[in-house]
1. Given the criterion in contact with an Asp or Glu (Cβ under 6 Å, 6 or more places away or on another chain) and among the polar types (S, T, N, Q), identify the matching residue among A:43, A:58.
2. Determine which single condition residue B:83 fails, assuming it passes every other condition in (1) surrounded by fewer than 21 Cβ atoms within 10 Å (Cβ to Cβ); (2) within 14 Å of chain A (Cβ to nearest Cβ); (3) within 25 Å of residue B:247 (Cβ to Cβ); (4) of a type outside the set (Asp, Glu).
3. How many of the residues in the range B:209-221 are touching a strand residue (DSSP E or B) at 6+ places or on another chain (Cβ under 7 Å) and modelled with pLDDT of 80 or more?
4. Can you give me the number of residues within the range A:13-41 that are surrounded by fewer than 17 Cβ atoms within 10 Å (Cβ to Cβ), modelled with pLDDT under 90 and within 14 Å of chain B (Cβ to nearest Cβ)?
5. Among the residues that make up the range B:251-265, is at least one of them within 7 Å of chain A (Cβ to nearest Cβ), in contact with a Ser or Thr (Cβ under 6 Å, 6 or more places away or on another chain), within 28 Å of residue A:48 (Cα to Cα) and of a type in the set (D, E, K, R)?
6. Looking only at residues in the range B:216-234 that are more than 8 Å from chain A (Cβ to nearest Cβ) and of a type outside the set (D, E, K, R), which one is farthest from residue B:266 (Cα to Cα)?
7. So how many residues does the range B:10-58 have that are in contact (Cβ under 8 Å) with a residue 40 or more places away in the chain and acidic (Asp, Glu)?
8. What strands (runs of 3 or more DSSP E), lying completely within the range B:169-278, carry at least 1 residues that are under 22 Å from residue B:107 (Cα atoms)?
Amino acid sequence: MRVTVSFVGVLASFVGAKTATVALPEGSCYEDLLAELGRMFSSNMPEQLWDKEKKTFSSPILATRDERSLAPIDGSELLDGDQIKLFLMAAGG
Amino acid sequence: MQQLASSVVGPDRKERRLLSLFAVRQLSDETRISIRDVEIRALNARILPARYERSHGTVGWEGQIKLLESTVAVVGSGGLGGWIIEGLARMGIGHLIIIDGDSFAENNLNRQALCTEANLGQLKTDAARERVNRVNSATQVTTHPVMADEASMREMLTGAHVVVDALDTLPMRLVLQKVSQDLGMPLVHGAIGGYIGQVMTVFPGDEGLRAIYGRGDDVPERGIEVQLGNPAATPMMVAAWQIQEVVKIVLDAGNLLRNRILVLDAEFGTTEILEVRR
């Protein structure tokens, strides 16, 4: 299956792309998507954004699917044709 | 009070009675009633303390009384907290509880409203009290210069009508949400990093920050702000929205950012309001 990912705002600068089309096996979830994005883009991302050892984002990232609810990246299953937007969340004060 | 008030015609061409700051202070001195209570009595008599004249059109008589009778806890007195404290004092919040165990350092000068070259090393809570006293002497201030944990937070927040999250670490933000919800208080969350920021209001029973950052022990201490820093305008931008959320809660007005998060990106000129899992 294929899902389309949009990187919102400053996240696009870090990743080096505004969108990406990602091919994944059927039954894949957000965590699988992120692992694939890591393979595609991790060389561009700073350590504070991408944990090379754990192979995942080290800063909070949230997703919307098809413009609907914001959700944390988890084991929820993705579907062919999903449009995913990824947001970088801040934590400073 | 009537004798000390003056009649003016406002920009809306309506005549109103105004009470100057000098008159408020004089009445407070003569009657030994706090400045806040003098202002509340004046408002009840439909005499407007002149300091609120430019808020009056949106806040109204009863609204200003509600603000003066409210207690707001601001947890964190740094980048966000400094501007929030300033704004809430100017709106006429009657009592501010300010919690922060930190002192000012040079790297606070770029963005923290209460930090100046002259007060480096000063406790942030002391600077906050001094600033509020200079801006609005009607606002009573209680300070707690401590690094709070869950137990102490619960004690310090008691009596607040609204809690403001101006912290800078994720685990403590989650603790603050838990305590606020346990105490039945709404929480106004804000966070910043680089040119991005976010605002959300959380009520008891809402998933709130748990829907964003998760529930587990693996929540990182900090986010991308470690890489991006926090330039001057970002805390102003987010603090302004947080102040407005507090005012709306107190006045029971408008639409809150409840179960929705406002995501601002000043660099790319985007704003998004996203639904958050309930």
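The values are calculated or read from the model by the stated rules, or taken from the named source; none is laboratory data. The structure presented is a predicted model; accordingly, all values stated were derived computationally and were not measured. Here Cβ is always computed from backbone atoms with ideal geometry, including for glycine, and neighbour counts include all displayed protein chains.
1. A:58
2. (1)
3. Residues flagged as touching a strand residue (DSSP E or B) at 6+ places or on another chain (Cβ under 7 Å) and modelled with pLDDT of 80 or more within the range B:209-221 amount to 3.
4. Residues flagged as surrounded by fewer than 17 Cβ atoms within 10 Å (Cβ to Cβ), modelled with pLDDT under 90 and within 14 Å of chain B (Cβ to nearest Cβ) within the range A:13-41 amount to 2.
5. no
6. Just the residues of the range B:216-234 that are more than 8 Å from chain A (Cβ to nearest Cβ), to begin with: B:216-219, B:221, B:229, B:231-234.
From the residues that got through so far, the ones that are of a type outside the set (D, E, K, R) too are B:216, B:219, B:229, B:231-234.
On the way: B:216: 31, B:219: 26, B:229: 14, B:231: 11, B:232: 12, B:233: 9, B:234: 8 Å.
Top of the filtered list is B:216.
7. Qualifying residue count for the region: 3.
8. So the answer is B:187-193, B:196-202.
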